[in-house]
Amino acid sequence: MVVDGGTPVLTQLGTVDYRAPHTNRPGAAGTAVITFSAVQTGMATVVLHYVRPWSKSMVAETFTFKVGVR
């Protein structure tokens, strides 16, 4: 989710691309790739919620970061 106070600065392109780990070990972490495009200059706050597949009703972690577009 991109949070801002007005006109969007970023937009998400497509869906989240999950890349499986390069191992067969159970529980090994994969990688989620999210692509954004700059719409205009300014600042945006991006908030990502990590939800485990077996517990979709509970957010396990939240990641928040600011992005500046020049």
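The values are calculated or read from the model by the stated rules, or taken from the named source; none is laboratory data. Owing to the predicted nature of the structure, the values given are computational and were not obtained by experimental measurement. Heads up: the accessible areas ignore ligands, DNA and RNA and are worked out on the full protein's heavy atoms, side chains in. Shrake-Rupley method; radii C 1.70, N 1.55, O 1.52, S 1.80 Å.
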note = Per the filter on region 36-70, residues open to solvent by 70 Å² or more (accessible area, probe 1.4 Å), under 17 Å from the mean Cα position of the chain (by Cα) and polar (S, T, N, Q) are Thr62, Thr64
note = Of those in region 15-58 that are of a type in the set (Gly, Ala, Ser) and in a strand (DSSP E or B), the residue farthest from Val69 (Cα to Cα) is Ala32
